[in-house]
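Step one of this worksheet: look at the structure below.
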Amino acid sequence: MTEKIFEIKGEFDEKGGKKPFSKKVKAKTASFATEKAICLFGSKNKIKRNKIFVQETKEVKADGKKEK
């Protein structure tokens with residue numbers, strides 16, 4: 001199975017309120033992509049897992065267009 005590109009959208013809690021985010025990651029499945037995005041986003045921005053809320057996970061084509 002080859003890796004696909006997924007776009008994960010959601011929001012995270014910050015002192016001033018909730019802030020939106022969008023991140024593209026390579027993974028084999030949508031659940032792995034979601035987990036990877038939470039890990040990467042949290043470690044880079046020093047945010048705990050319970051402060052990150054994923055709203056949407058979708059597969060995108062390599063050129064940036066949505067898969068049907």
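Given that just one value was derived from the coordinates, which of [x] 4, 18, 28, 23, 13, 9, 4, 1, 0; [y] 4, 16, 24, 21, 14, 10, 6, 3, 1; [z] 3, 19, 34, 25, 13, 4, 1 is P(r) over Cα pairs in 5 Å bins from 0, in percent?
Step by step, P(r) over Cα pairs in 5 Å bins from 0, in percent for this structure corresponds to label [x].
Could you tally the net charge around Ala33, taking each other residue with its Cβ under 10 Å from the Cβ of Ala33, Lys/Arg +1 and Asp/Glu -1?
Local net charge: +3.
Give me the dipole magnitude in Debye, nearest 20, for the chain about the Cα centre, with unit charges on the beta carbon: positive for Lys and Arg, negative for Asp and Glu. Display every interim value, and only then the final one.
Working: 20 positive and 10 negative charges, 30 e Å.
Charge dipole, the chain, about its Cα centre: 140 debye, nearest 20.
Could you give the length gained by full extension between Lys46 and Ala62, i.e. 0.36 nm per residue of separation minus their alpha carbon distance, to one decimal place?
2.9 nm
Got a sec? How would Lys15, Lys61, Lys36 order by Cβ neighbour count within 10 Å, fewest to most?
So the ranking, lowest neighbour count to highest, is Lys15, Lys61, Lys36.
Hey, what number do you get for the chain at 222 nm if only DSSP H runs of n ≥ 4 count, each worth -39500 (n - 2.57), divided across all residues, to the nearest 500?
-8000 deg cm²/dmol, from helical runs alone.
Can you put Phe12, Phe6, Phe53 in order of Cβ neighbours within 10 angstrom, beginning with the fewest?
Phe53, Phe12, Phe6
Taking θ = phi - 60°, what integer Hz values does the Karplus form 6.51 cos²θ - 1.76 cosθ + 1.60 yield along region 9-14, in sequence order, with x for Gly and Pro?
Values per residue, Gly and Pro as x: 10, x, 8, 9, 7, 9 Hz.
Determine ³J(HN,Hα), in whole Hz, for all residues of region 32-37 in sequence, where each value follows from phi through the Karplus function 6.51 cos²θ - 1.76 cosθ + 1.60 and θ = phi - 60°; x replaces Gly and Pro.
5, 5, 4, 4, 5, 5
None of the figures in this text is laboratory data; all of them are computed from the coordinates on show. Given the structure is predicted, the values throughout are model-derived calculations rather than measurements. Here Cβ is always computed from backbone atoms with ideal geometry, including for glycine, and neighbour counts include all displayed protein chains.
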